[in-house]
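What follows draws every value from the coordinates through simple rules; no lab data is involved. None of the values given here were measured: they were computed from a predicted structure. Note that each Cβ is placed from the backbone with ideal geometry, even for glycine, and that neighbours are counted across all protein chains shown.
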Amino acid sequence: MNKLVQKALGLQMNGFASEAINIFESAIRKEPNNVILCEHYGAALASLGEFAKAKKYLKRALSASVVKPQVLNNLATVNRALGLRKEALLNINSALKFKPKYTDAWINKANIHGDLKQWDEAISSFTNAIELRQDDPGPYEKLSHAYLHNSEYHKALNIYKIAQEKFPLVQQFVIGELICYRAMKKYDQAIDFANKIKSYYNNELFWFEWLQTLYLAKEFSQLEQQSKIAIEKFGEFPAMMDLLSLREDKSADQPQ
């Protein structure tokens, strides 16, 4: 790989995709069938959202006899962005055939199955990703979401609790546990838990989750009381005001 291409890759890796594109375009005009150039040019185009053009060059990068799982994975991402999910699955399955322990490809596959609402397949793929990369919180969160979408609330709750132990600084897993209680309609438990985490974290996000829990549990008098406290602490933040508007709309619908 020549120094010009290395420079472009360096720019791309550091977030200067537009500058990298200019170098790749100059190089590819001289060598339009260079599979290395096509591979990286296609990836750079995809990072800028130019998916149709990226697909053209990624497919050209696959014209060589050597199979490249990374190119297939990128092509799957592009096809997913273009709404071609069945084609994306063909790409990703090919990538995994040649590289079964390709974590990013398993995550990509799971996301595509999720788009298609094929939750069992998504769950299986996220589980494989976690087995391969246990120090990444991302697949844990997505696996929990897939269980929630599949109405397997107890399994989602179990993953959220495991994730809290592994990643204690990721607050989203705490909120995930609360979401499970609400999904299971265990409102007494949800209220107790929401109050606990609201008091512990004491920030706008957890106060909103506390108020939302009160709203879902139809504890409207407590909602109005606690909303006043939240307004004094944080001001009229939009998410909370939306809850109050919903409460007012429901009150207006009730007979006097």
Practice problem: Please name whichever of ILE23, SER47, SER144 sits farthest to the positive end of the charge dipole of segment 9-154, dipole taken about the Cα centre and charges placed at Cβ: Lys and Arg +1, Asp and Glu -1. | Solution: ILE23
Quiz item: Once both axes come from the Cα atoms, what is the angle between helix 17-30 and the longest principal axis of the chain, in degrees from 0 to 90, rounded to 10?
Solution: 20 degrees
Self-check item: Fluctuation leader among PRO69, PRO32, PRO137 - the chain, Gaussian network, Cα springs under 10 angstrom
Solution: PRO32
Quiz item: Using the alpha-carbon atoms, what tilt in degrees (0 to 90, nearest 10) does helix 187-201 show relative to the longest principal axis of the chain?
Solution: 70 degrees
Quiz item: Do you know the relative contact order of the chain, to the nearest whole percent, from alpha carbon pairs under 8 angstrom that are 6+ apart?
Solution: 7 percent
Quiz prompt | Quotient of Cα Rg and 2.2 N^0.38 Å for segment 82-142, N being how many residues it contains | solution = 1.04
Quiz item: Within the set LYS142/LYS228; LYS161/LYS185; LYS3/LYS30; LYS109/LYS155, which residue pairs have Cα atoms separated by over 23 Å?
Solution: LYS142/LYS228
Quiz item: Which is farthest toward the positive dipole end of the chain among ASN158, GLN222, ILE107, measuring Cα position about the Cα centre, with Cβ charges +1 (Lys, Arg) and -1 (Asp, Glu)?
Solution: ILE107
Quiz item: What's the longest bit of the chain with no exposed trypsin sites (Lys or Arg not before Pro), using DSSP loop states and at most 14 other Cβ atoms within 10 Å as the test?
Solution: 1-100
Practice problem: Of the listed values (i) -0.48, -0.83; (ii) -0.54, -0.82; (iii) -0.69, -0.92, grab the one calculated as log10 I(q)/I(0) by the Debye sum over Cα atoms at q = 0.10, 0.13 Å⁻¹ from the structure here. | Solution: (iii)
Quiz item: Which angle from 0 to 90°, rounded to the nearest 10, does the C-alpha axis of helix 35-47 make with the longest principal axis of the chain?
Solution: 20 degrees
Practice problem: In Å³ and rounded to a whole number, note down the convex hull volume per residue for the Cα atoms of segment 1-138. | Solution: 113 Å³
Quiz item: Could you work out the helix-only [θ] at 222 nm for the chain, with each DSSP H run of four or more residues adding -39,500 (n - 2.57) and the total divided by the number of residues, to the nearest 500 deg cm²/dmol?
Solution: -25000 deg cm²/dmol
Quiz item: Size of the dipole of segment 108-203 about the Cα centre, Lys and Arg at +1 and Asp and Glu at -1 on the beta carbon, nothing else charged, in debye to 20?
Solution: 260 debye
Self-check item: Simple Cβ-charge dipole of the chain, Lys/Arg +1 and Asp/Glu -1, about Cα centre, in debye nearest 20
Solution: 1300 debye
Practice problem: Please provide three numbers in whole Å: the alpha-carbon extents of segment 148-228 along the principal axes, with the largest listed first. | Solution: 35, 26, 17
Exercise. Please identify, among LEU148, LEU11, LEU75, the residue showing maximal mean-square fluctuation in a Gaussian network model of the chain using a 10 angstrom Cα cutoff.
Key: LEU11
